[in-house]
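Novice: The following block contains the structure, expressed as structure tokens.
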Amino acid sequence: MGTPPLSDADLLAQVAVGDESALRALVERHSAWVLLRLRRRTSDEELAASAVQDTFVAVWHNARRYRGDGDVGAWLWGIAIKQLVSRLRARRQPTPVSQQVISALSPSLRSAEDELLIAVEHGDLGAGLRGLSPELRQALQVTVLDGLSTKEAALLLGVPQGTVKSRVRLAKARLRQQLMEGLA
């Protein structure tokens, strides 16, 4: 009949005086369940394994701090979770990718609306719009390009609705004339 195994508290007391075999016994007894519980807290296997190793290093250095008033397993778990949390906090966060890098690496697809606005701005229509007075251009832009009603445009521009309607009608007539002259 062999000697009964030492309790966790007895092994920890021996670790406190530098007994490496007692530490090995604690590792054999507790490392599997500590690792299993840490894996439930993180999907990073290496991080969990590292936290287990560091837990038992901390036990080696701090075994004297165990007061003996609770379960050794609970004390080990407290150390293990602190090790995991400190590793998670120390882990470098991914650097956000700038919009410029995303734009450079991925093809840019323009919507039909974007294509139309570019054509309006840089085509014959854009030249025609630039030839209008600022008042006529604004009235046309907010009603036709921005899609505001004449009532909304009047509020935005600070003029009566009738003035907006007149400016839009006049702007369209002038644009039509400019475009027809450009075709001739």
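Novice: Can you say whether S149 is at pLDDT 70 or above, open to solvent by less than 100 Å² (accessible area, probe 1.4 Å) and either more than 34 Å from the chain's Cα centre (by Cα) or among the small types (G, A, S) (or both), as far as the supplied structure shows? Steps first, please.
Specialist: Numbers: at pLDDT 70 or above: yes; open to solvent by less than 100 Å² (accessible area, probe 1.4 Å): yes; either more than 34 Å from the chain's Cα centre (by Cα) or among the small types (G, A, S) (or both): yes.
When the stated conditions are applied, S149 passes them.
Novice: Follow-up question, since we're still on this one. Which ones in the stretch 58-87 are among the basic types (K, R) and crowded, with 16+ Cβ neighbours inside 10 Å? Give the derivation first.
Specialist: Step one: list which residues in the stretch 58-87 are among the basic types (K, R), which gives 64-65, 67, 82, 87.
Passing the criteria: only R87.
Novice: Looking only at the stretch 18-44, filter to residues that are open to solvent by 100 Å² or more (accessible area, probe 1.4 Å) and not in a helix (DSSP H, G or I); which one of those is farthest from R87 (Cα to Cα)?
Specialist: R40
Novice: Of a type in the set (K, R) and either at pLDDT below 65 or at positive phi (or both), is that true of R169? Can you show your working first?
Specialist: Details: of a type in the set (K, R): yes; either at pLDDT below 65 or at positive phi (or both): no.
Against the criterion (of a type in the set (K, R) and either at pLDDT below 65 or at positive phi (or both)), R169 does not qualify.
Novice: Mind listing just one residue for me: the one in the stretch 45-57 that is open to solvent by 50 Å² or more (accessible area, probe 1.4 Å) and not aliphatic (A, V, I, L, M) and, of those, modelled with the highest pLDDT?
Specialist: Within the stretch 45-57, the first condition is being open to solvent by 50 Å² or more (accessible area, probe 1.4 Å), and the residues that meet it are 45-46, 53, 57.
Going one step further and asking which of them are not aliphatic (A, V, I, L, M), we end up with 45-46, 53.
Values: E45: 90, E46: 91, Q53: 95.
Going through the qualifying residues, I end up with Q53.
Novice: Quick one: is L12 touching a residue at least 60 places away in the same chain (Cβ under 8 Å) and either touching a Leu at 6+ places or on another chain (Cβ under 8 Å) or surrounded by 12 or more Cβ atoms within 10 Å (Cβ to Cβ) (or both)?
Specialist: Working: touching a residue at least 60 places away in the same chain (Cβ under 8 Å): yes; either touching a Leu at 6+ places or on another chain (Cβ under 8 Å) or surrounded by 12 or more Cβ atoms within 10 Å (Cβ to Cβ) (or both): yes.
Considered against the rule, which asks whether it is touching a residue at least 60 places away in the same chain (Cβ under 8 Å) and either touching a Leu at 6+ places or on another chain (Cβ under 8 Å) or surrounded by 12 or more Cβ atoms within 10 Å (Cβ to Cβ) (or both), L12 comes out as yes.
Novice: Okay, next question. Would you please list the contacts, defined by Cβ atoms under 7 Å and residues six or more apart or on different chains, that run from a residue in the stretch 138-161 that is more than 23 Å from A127 (Cβ to Cβ) to a residue that is open to solvent by 70 Å² or more (accessible area, probe 1.4 Å) and among the aliphatic types (A, V, I, L, M)?
Specialist: L148/L156
The values are calculated or read from the model by the stated rules, or taken from the named source; none is laboratory data. Please read all numbers here as calculations on a predicted model, not as lab measurements. Every residue, glycine as well, gets a Cβ built from its backbone with ideal geometry; the counts of neighbours run over all protein chains shown. In case anyone asks, the SASA skips ligands and DNA or RNA and just uses the protein heavy atoms, side chains included. Shrake-Rupley method; radii C 1.70, N 1.55, O 1.52, S 1.80 Å.
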